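What follows is calculated from the coordinates using simple rules that are stated; it is not laboratory data. Only a predicted model underlies this, so the values are computations on that prediction, with no experimental measurement involved. Cβ atoms come from the backbone with ideal geometry, glycine included; neighbour counts cover every protein chain shown.
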Amino acid sequence: MATSPDICRGRHQGNECSEAAHERNQATSDAQRRWILRQVQLAGPAGLTTDELAQAASRDRGYEVPPNRISGRVSELVGLGQLIRTRARRPTRTGSLAAVHILPAFGQRISNIATIGPAAHARLPLAAGQVIAQALVSELRRGCLRIEVAGSLRREAKTVGDIEIVCIPRPVEDLFGQTCGSALDPILAELQRFGRLRFIKNGPRYKRFEVPGRQPTCLDLFLVTTDTWGVQLAIRTGPAVFSRALVTSVSLGGLLREGHRVRDGRVWGPDGRAIATPEERDFLELSGGWREPRERR
């Protein structure tokens, strides 16, 4: 049986170990708080959400850091008055909205913070939009069977709003030959992980991302099939007035051949059968004839 001095000595050593562990944890917590403050400072008045901080931490560390590893430290800094949790919200990678945090130094500009986000981006000069779009297409191409820029960029407008891209994702099959996803999914996940894209909307046929940078913009990604490619590329090229005319029959003031209709990205003939439009030209021949994208009004 241990004697009283042995017990005391063991307790003393245990206390020393606990104190050392506490000091190490405290040092780690302090370092984490300093890192968060530095990141928010670099973001300036735009601030950062916990999800954006987690993405930055993942890039720094080289492995995935979940937002819940960051949120506790952020709450501590808010409680200490070293961060301000604003009323502004930005989308996270999971589709929810998260509060934007700023330094107190930017507190007097808080009314401007609420307007910062994907919808507040200025239109870009055509050349700048082309550079961003080309970079995105080069990244996404390996996950697609077909991919093409649409929207105002394809029409060569003087300025562009969002980057619009139409693509056919390359399917991925399991061991039994069944489609189990697309080769595009991991590419999009990688671009988000490295901060190249920030998720806003995620649907099976339409995805929207913020594209950060010196000239931030948004990416509208339309996922189509071989059967719907021709119709979707024409409609997504726009402009809106022209696109509406493409799907409106002549008798109603549009361009679409009488007796035809467009539904679910396909053209249906007078006999109720789908008409193949694998190319954009195939669809436009049924809707007023071919026009070069820059001539569409």
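Take the Cα gyration tensor of region 158-297, multiply each eigenvalue by 5, square-root it, and list the three semi-axes largest first, rounded to whole angstrom. Spell out each step's value before the answer.
Values: eigenvalues 188, 95, 21 Å².
So the three semi-axes of region 158-297 are 31, 22, 10 Å.
The amide H of Arg146, built 1.01 Å from its N in the peptide plane, has Ile168 as neighbours under 5 Å, considering only residues 5 or more places off or on other chains. Taking all Cα pairs closer than 8 Å and separated by 6 or more residues, the relative contact order of the chain comes to 12 percent. Can you compute the helix-only [θ] at 222 nm over the chain? Use -39500 (n - 2.57) per DSSP H run of at least 4 residues, normalise by all residues, nearest 500 deg cm²/dmol. The helix-only estimate for the chain comes to -12500 deg cm²/dmol at 222 nm. Helix 50-61 axis versus longest C-alpha principal axis of the chain: approximately 80°, rounded to the nearest ten. Exposed loop sites here are GluC sites (Glu not before Pro) assigned a DSSP state other than H, G, I, E or B and surrounded by at most 14 other beta carbons within 10 Å; excluding them, the longest clear run of the chain is 157-257.
When only alpha carbons of the chain are considered, Rg and Dmax amount to 26.8, 103 Å.
For region 124-295, what is the charge dipole size about the Cα centre, in debye to the nearest 20, if Lys and Arg each add +1 at the Cβ and Asp and Glu each add -1 at the Cβ? Each step should come with its number before you reach the end.
Numbers: 25 positive and 21 negative charges, 90 e Å.
In debye, rounded to 20, region 124-295 gives about 440.
Per-residue 3J(HN,Hα) values for region 215-220, derived from phi via the Karplus relation 6.51 cos²θ - 1.76 cosθ + 1.60 with θ = phi - 60°, read 10, x, 8, 10, 10, 9 Hz in sequence order (x marks Gly and Pro).
Which of rounded, prolate or oblate describes region 160-232 when judged by the alpha-carbon gyration tensor and an a/c cut-off of 1.5? Here region 160-232 falls in the oblate category.
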